[in-house]
Amino acid sequence: MSDSRPIGKVMHYFTKIGVAIVDVDDSLSVGDRIQILGPTTNFDQSVKSMQIEHQVVKKVNAGDSIGLKVSDRCRKGDTVFKIT
């Protein structure tokens, strides 16, 4: 059975490039499974690409603000959950 815990919030979403800016409260790695949930948002995906200050990273930690490539539209204030 899968479980999930909140690990961050969407601060901004860039429609044209499909990237969410996420303030992260916990560690997250490429390959992790996440769910993005909000009033009109609900999808899950694997983490394929993350950047900090336009530099590609494989792992991020609490306190980081990251650019996260997402598979669907999300909105400011949506919560990002890590699925375990």
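The values are calculated or read from the model by the stated rules, or taken from the named source; none is laboratory data. In this text, all values refer to a predicted model and were calculated from it rather than measured experimentally. Note: ideal-geometry Cβ built from the backbone for every residue, glycine included; neighbour counts use all protein chains shown.
Taking every residue in region 54-81 that is surrounded by fewer than 18 Cβ atoms within 10 Å (Cβ to Cβ) and pairing it with any residue that is at pLDDT 95 or above and aromatic (Phe, Trp, Tyr), at least 6 positions away or on another chain, the pairs with Cβ-Cβ distances below 8 Å are Ser71/Phe43; Asp72/Phe43; Arg73/Tyr13; Arg75/Tyr13; Lys76/Tyr13. When the criteria are applied in full, Asp32 fails the requirement of being acidic (Asp, Glu) and touching a Gly at 6+ places or on another chain (Cβ under 8 Å). Note on region 38-84: enclosed strands (runs of 3 or more DSSP E) holding 3 or more residues that are over 17 Å from Met11 (Cα atoms) and over 11 Å from the mean Cα position of the chain (by Cα) are 55-57.
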